[in-house]
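Since the structure comes first, as structure tokens, the remarks are kept for the end.
The values are calculated or read from the model by the stated rules, or taken from the named source; none is laboratory data. Since this is a predicted model, take the numbers as computed values, not measurements. Glycine also receives a Cβ, built like all others from the backbone with ideal geometry; neighbour counts cover every protein chain displayed. Protein only, heavy atoms only, side chains kept; ligands, DNA and RNA dropped before computing areas. Shrake-Rupley method; radii C 1.70, N 1.55, O 1.52, S 1.80 Å.
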Amino acid sequence: QVQLVESGGGLAQAGGSLRLSCGVSRSTFSLNALGWYRQAPGHKRELAAIVGGGGFTKYEDSVKDRFTISRDSAENTVDLQMNSLKPEDTAVYYCHAVYNYRNFWGQGTQVPVSS
């Protein structure tokens, strides 16, 4: 089992920044994948960013050059730095991990972005 606890969400203004953090109950080295998804109102959940072994990262096109995902293996956390926020970034953000090829999700944290 893997427990994921997000923090750092809240109201942001367009053009502003916010940092999300996710505490992971297992060593991040033991995970097959680690990342952040988001679900906007009326939309399906979509990948925002993932980080893999060796520092590999992948971003959804609309957040490239604005969001940065980082993993701290000593603290067992994965953070998402979000800059130049836009109203269309408004969503519930979920921390996600794959362990033994099973999916695990955090409870989600809301990020409303006002224009």
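Odds and ends about this structure:
- Neighbours by Cβ (under 9 Å, 6+ apart or cross-chain): first from segment 74-100, in contact (Cβ under 8 Å) with a residue 40 or more places away in the chain; second acidic (Asp, Glu) and buried (at least 17 other Cβ atoms within 10 Å of the Cβ): Met82/Asp89; Tyr93/Glu6; Tyr94/Glu6; Cys95/Glu6
The rows are residues; the columns are (1) within 13 Å of the chain's Cα centre (by Cα); (2) under 15 Å from Ser84 (Cα atoms); (3) touching a residue at least 12 places away in the same chain (Cβ under 8 Å).
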residue	(1), (2), (3)
Gln3	no, no, yes
Arg26	no, no, yes
Leu47	yes, no, yes
Ser62	no, yes, yes
Asp65	no, yes, no
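- Among strands (runs of 3 or more DSSP E) entirely within segment 40-115, having at least 1 residues that are hydrophobic (A, V, I, L, M, F, W, C) and surrounded by fewer than 15 Cβ atoms within 10 Å (Cβ to Cβ) singles out 46-51, 102-105.
- The residues of segment 16-28 that are more than 17 Å from Arg102 (Cβ to Cβ), open to solvent by 60 Å² or more (accessible area, probe 1.4 Å) and not basic (Lys, Arg) amount to a single one, Ser17.
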